[in-house]
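**Student:** What follows is a structure written as structure tokens; I'll ask about it next.
The values are calculated or read from the model by the stated rules, or taken from the named source; none is laboratory data. Everything numeric in this text was worked out from a predicted model, so none of it was measured. Glycine gets a Cβ as well: all are built from the backbone with ideal geometry, and neighbour counts include every protein chain shown. Surface areas here come from the heavy atoms of the whole protein model, side chains and all, with no ligands, DNA or RNA. Shrake-Rupley method; radii C 1.70, N 1.55, O 1.52, S 1.80 Å.
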Amino acid sequence: MDIDQDAEPAVRRALFEQVRRHTGIAMNERKWTMLKGRLRRRIMTLGLPDYGDYLRVLDTSADEVRDFIDLVTTNETSFFRTPRIWEYLACEFLPRWSAARPGESLRIWSAAASSGEEAWTTAMLCEERRAQHPALRYAIVGTDISDGILANARAGHYGGRSMEGVRQQRPELVQKYFRSDAAGITVNDTLRAQVTFRRHNLYDTPRDLGAFDLVLLRNVLIYFDLEGQKAVLANVRRAMRPGAVLIVGESESLSRVATGFAFEQPLIYRNEEREHEQPA
Ligand SMILES: C[S@@+](CC[C@H](N)C(=O)[O-])C[C@H]1O[C@@H](n2cnc3c(N)ncnc32)[C@H](O)[C@@H]1O
């Protein structure tokens, strides 16, 4: 057997099962070419003869599972992805929240943060509001299942395509919230003071994340099957304050999967839970 020969159907199924077990991501034969492309180089680096041997390594090595998760997740993201959402945040959510909760501290969760652009975009808009309303206090938590991509988020170092959104839509923010040095463009300390990143699997109960007023759960539900989406949404709701807002990605909808969320406008939902109710 060698790596250039395709894996047996049973081995493929076992690899799909490993993906599901460690990430909740649902894969099937239609995804095999993509998965094979991602695993092939890793298997060669490890000097393993084929995919079956790689399965045995996955069974015994927690370090390899971490690398596997980094490889099988899709981390595409960018600053100001889906402009309508950022207009909603700046013009509707922040003014309304500030009026409803004077003196409180706003908590925002970027729940599949990838390399951090979503969390930093949120921080820039909160800073812009704070410039006009200095009483605003806020904190942003970015989480992801991939340790590798979280390292990029924490570094806050960007360039190329990832920066296009901010350069095109809000070029003045590049001057304000990034610094340039020999290494490239990096988020500045003003933003860093407001954002923390940590590992969290959305299938786990969010016990120690606290309660949020706004959750960005964008472009991640699409990777889960219906049951997975239900489980993840129930978990996410456990970390939402009564009346908190949930924002999903452009090709995602809660209409078939979630209870406890009220539709507010496309991509935007509200946690229906009232103050006295216990989370589901
Ligand atoms: C396509 S990115 C979305 C990034 C950003 N939210 C956006 O919309 O631009 C999807 C992210 O979900 C993460 N992810 C996949 N499964 C996950 C899970 N079970 N728990 C937490 N994060 C997960 C991936 O690692 C990846 O970084």
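**Student:** What's the FRET efficiency of A62 with R192 using the Cβ-Cβ distance as r and R₀ = 30 Å, to the nearest 0.05?
**Tutor:** So, using R0 = 30 Å, E works out to roughly 0.50.
**Student:** Sticking with this one: Put a dot 7 Å past each Cα toward the Cβ at R179 and D6; how far apart are the dots in nm?
**Tutor:** Here the modelled spin labels are 5.3 nm apart.
**Student:** Could you calculate the FRET efficiency of D208 with R40 from 1/(1 + (r/R0)^6), where r is the beta carbon distance between them and R0 is 41 Å, rounded to 0.05?
**Tutor:** E(calc), rounded to 0.05, equals 0.65.
**Student:** Now for a different question. For the full complex of protein chains and a 1.4 angstrom probe, list H157, H200 by accessible area with the highest value first.
**Tutor:** Greatest to least solvent exposure: H157, H200.
**Student:** In the full protein assembly as shown, how much of M27 is accessible to a 1.4 Å probe, in Å² to the nearest 10?
**Tutor:** Rounded to the nearest 10, the figure is 20 Å².
**Student:** Just the accessible area for F197, please: 1.4 Å probe, Å², rounded to the nearest 10?
**Tutor:** Per-residue accessible area (F197): approximately 20 Å².
**Student:** Another question about this same structure. Working from the alpha-carbon coordinates of the chain, get Rg over Rh, Rh being the Kirkwood radius.
**Tutor:** Over the Cα atoms of the chain, Rg/Rh equals 1.00.
**Student:** How much length would be gained if the chain were fully extended between A151 and A231, taking 0.36 nm per residue of separation minus their Cα-Cα distance, in nm to one decimal?
**Tutor:** 26.1 nm
**Student:** Follow-up question, since we're still on this one. When we measure straight from the Cα of K230, which aspartates and glutamates land under 14 angstrom away, once same-chain ones fewer than 8 places off are left out?
**Tutor:** List returned: D204, E252.
**Student:** Can you give the direction-averaged projected area of the convex hull of the alpha-carbon atoms in region 9-72, in nm²?
**Tutor:** Averaged projected area of region 9-72's Cα convex hull equals 3.8 nm².
**Student:** Hey, what does the equivalent ellipsoid look like for region 132-245, semi-axes from the Cα gyration tensor as sqrt of 5 times each eigenvalue, largest first, whole Å?
**Tutor:** Over the Cα atoms of region 132-245, the ellipsoid semi-axes are 29, 18, 14 Å.
**Student:** Further question on the same structure: GluC sites (Glu not before Pro), restricted to region 4-79: which are DSSP loop and have at most 12 other Cβ atoms within 10 Å?
**Tutor:** When the GluC sites (Glu not before Pro) of region 4-79 are filtered for loop state and at most 12 Cβ neighbours within 10 Å, E76 remain.
**Student:** Which length gain, in nm to one decimal place, applies between R84 and T259 when the Cα-Cα distance is subtracted from 0.36 nm times their residue separation?
**Tutor:** Here the answer is 60.5 nm.
**Student:** In addition: DSSP beta bridges in region 83-271, what fraction antiparallel, as a percent rounded to 5?
**Tutor:** 40
**Student:** Taking the 0 to 90 degree range and rounding to the nearest ten, how far is the long axis of helix 51-60 tilted relative to the main principal axis of the chain, both from C-alpha atoms?
**Tutor:** Compared with the principal axis, the helix lies near 60 degrees.
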